[in-house]
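Written out below as structure tokens is the structure these notes cover.
The values are calculated or read from the model by the stated rules, or taken from the named source; none is laboratory data. The structure presented is a predicted model; accordingly, all values stated were derived computationally and were not measured. Neighbour counts are summed over all protein chains in view; Cβ atoms, including those assigned to glycine, are modelled from backbone coordinates with ideal geometry.
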Amino acid sequence: MRRRATITLHWLTATLLLFVLGDGGATAWLAWLYALSGLAMCALALGFGLMNGPGPKLEGAFRVAHPWLHRGLYGLIFWGTVALLSETLARPLPGPDARTLLLALVAAALIHSVFNMWRHTALGDGALRRMTPRFLHNIL
């Protein structure tokens, strides 16, 4: 159940993030939908811990940095989500605006994606199988 919820929220949040940014000025319902998804993803990780690990083939600095980089991604999801909700309620947070934070999240997510593709192909540790729905595993 936890795996399915994490995978669903992972892909739903990523998709909604692109819709929010593609909309130019996120409509209130889209901002709330993204926020609910992002906050649920963060709550799941806070309540049950991260559902990832560096894997046995990841070594050195990457192995040490792996959990901290994931915590950073979750922190950026949370910060961007709260900033977006604050702006939707006409009470923006001090600091970077929501769009800037969400663009930073997209950049971090792209780096995260490339890293996981590298792990899956170069290390052969099945990193992509961890976060893809089972029906896609046959093409990985």
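Observations on the structure shown:
- Selection from the stretch 1-27 of residues that are touching a helix residue (DSSP H, G or I) at 6+ places or on another chain (Cβ under 8 Å), within 21 Å of Pro92 (Cα to Cα) and at pLDDT below 90: Asp23, Ala26
- The residue pairs whose first member lies in the stretch 31-47 and is in contact (Cβ under 8 Å) with a residue 24 or more places away in the chain, whose second member is outside any helix (DSSP H, G or I) and small (Gly, Ala, Ser), and whose beta carbons are closer than 8 Å, counting only pairs six or more residues apart or on different chains, are Tyr34/Ala26.
- Restricting attention to the stretch 68-97, the residues that are out of contact with any helix residue (DSSP H, G or I) (no Cβ under 9 Å at 6 or more places or on another chain) and under 20 Å from Ala107 (Cβ atoms) add up to 1.
- Of everything listed in (1) among the aliphatic types (A, V, I, L, M); (2) under 12 Å from the mean Cα position of the chain (by Cα); (3) surrounded by fewer than 19 Cβ atoms within 10 Å (Cβ to Cβ), the single unmet condition for Leu17 is (3).
- Checking each residue in the stretch 44-86 for being more than 15 Å from the chain's Cα centre (by Cα) and hydrophobic (A, V, I, L, M, F, W, C) picks out Phe48, Leu58, Ala61, Phe62, Val64, Ala65, Ala83, Leu84, Leu85.
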